[in-house]
Amino acid sequence: MQEIENEVKEDSGKKKKKYSLLYVDDEATNLRVFKSNFRKFFNVHTTTNPLEAIDILKENEIQVIVTDQRMPEMTGTELLEKILPDYPELIKIILTGFTDIEAIKDGINRCGIHKYITKPWNFEEMKGVLDRAMETYQSAMDSDEHVKELQESNVELENRVRERTKELNMMNKRLIDSIRYAGLLQQSMLPNERYLKRIFDEHFVLYKTKYLFSEEFLWTTSLNFRSEDYTVAALIEFDGKGIVGSLKTLIADSVLNDLIQDRKIFHTGDIIKELKAEIDAAGSAELQCDMKVSVALFDNNENTMQFSGIDQDMIVFQNGKMMVLEGEPGENYQDLMAEKIPMVEGSTYYMFSNGFYKQENQDGVKFSQEKFEEMLKSIQDKSMEDQYTFLNQTLEDWIGESGLTDDVSVFGFKY
């Protein structure tokens, strides 16, 4: 194997250590792509053979190993478990599809896995993980005294933050109580579980807020009177105004009831147009908010579903095939069309804000819409309860201890 330079020069002329990593994947194309992306930053060793990987570890000073989970000779977890006794300090990273995540989690402690990355990965995500892995390795090599000093500093800082937080909480108690009340009022206006069960065969609602209140809102109703038999669901998000956005959701609840129940507007494009007009008219110019919205209307007589949206999409799975119903840009709200599709038995529907795929992990990498759609595709045939559990756990794993970047709303249902 060709010798790789172990040191690179910085602009100042000093030499900086270039860390080494090993990538194992049975697909040679993946190896070439990986090496092309990262050889500028690391000494990259690659192999398609897990047994050859063990020889490379013996012959080279490797800090990080990245391995694919699904390989013919042995799985990634089997390889990591095999090398663990001889290389306990080696940082171990595994690549996996969404369907293998539970198996990976079971093997995290057994194999000493530092991180798992779901496919498809992108450069920023992978680079961030590798950089942090190298930092972790270097930190483990530091002296015990340095680690102790760092721990003492962290304890002192945490104590100071804790004391300051206590003071601020006491000073702002009335304000926090008022905001909490607004949030509880908002939560009480969401469709409750009993009501949703009467309308939808199966469903789940994943609804998480960054603060005590939310700028997002889910609304649904069913209207069966004489010749009219409709079910309507809407998901709304207001941008950039904090508590003002949450108050707008309370107004939207009242407006939607008026549009559907009283004025009987059953064109999704017209519903959005009228809703936006009413929302814009409420309050002064300083209280205006950009609105993202999607509306789905089920005509139970025609067995069709209409969809319209502003900057929000909807995903439908029919007969195992995914359809993405795309919302229009905000400036087109006056001329919104209503996309109509037939209702097919066994179909699964998803309405969502962009909050899930805007979430950032501890490296500042967003989850991405592509990964979100791929995830829905991999779980759409599971029960709604299992889908909720999977989505919720995936979200918690992704954000870790860093907390929500944005509010999250995902409404999945069968109708």
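Per the conditions (1) on the phi > 0 side of the Ramachandran plot; (2) not in a loop (DSSP other than H, G, I, E, B), the sole criterion not satisfied by Phe372 is (1).
The helices (runs of 4 or more DSSP H) found wholly in region 24-125 and carrying at least 3 residues that are without any contact (Cβ under 8 Å) to a residue 24 or more places away in the chain and more than 29 Å from the chain's Cα centre (by Cα) occupy 50-59. The helices (runs of 4 or more DSSP H) found entirely in region 142-249 that carry 3 or more residues being modelled with pLDDT of 85 or more and assigned by TED's automatic domain parsing to the domain that holds Gln359 are 193-199. Among residues belonging to region 245-265 that are within 22 Å of Glu302 (Cβ to Cβ) and out of contact with any strand residue (DSSP E or B) (no Cβ under 6 Å at 6 or more places or on another chain), point out the one that is surrounded by the most Cβ atoms within 10 Å (Cβ to Cβ). Among them, the one singled out is Leu259.
Annotation: Asp381 fulfils all but one of (1) crowded, with 19+ Cβ neighbours inside 10 Å; (2) over 11 Å from the mean Cα position of the chain (by Cα); (3) not in a helix (DSSP H, G or I); the unmet one is (1).
Annotation: of all residues in region 318-365 being of a type in the set (A, V, I, L, M) and part of a loop (DSSP other than H, G, I, E, B), the one that is nearest to Glu135 (Cα to Cα) is Val365.
Scanning region 315-353 for residues that are buried (at least 16 other Cβ atoms within 10 Å of the Cβ) and either more than 19 Å from Tyr388 (Cβ to Cβ) or touching a His at 6+ places or on another chain (Cβ under 8 Å) (or both) yields Gln318, Leu325, Gly327, Glu328, Tyr333, Leu336, Ala338, Glu339, Met343.
The values are calculated or read from the model by the stated rules, or taken from the named source; none is laboratory data. From a predicted model like this one, the values you see are computed outputs, not experimental measurements. Virtual Cβ from ideal backbone geometry, glycine too; neighbours counted across all protein chains shown.
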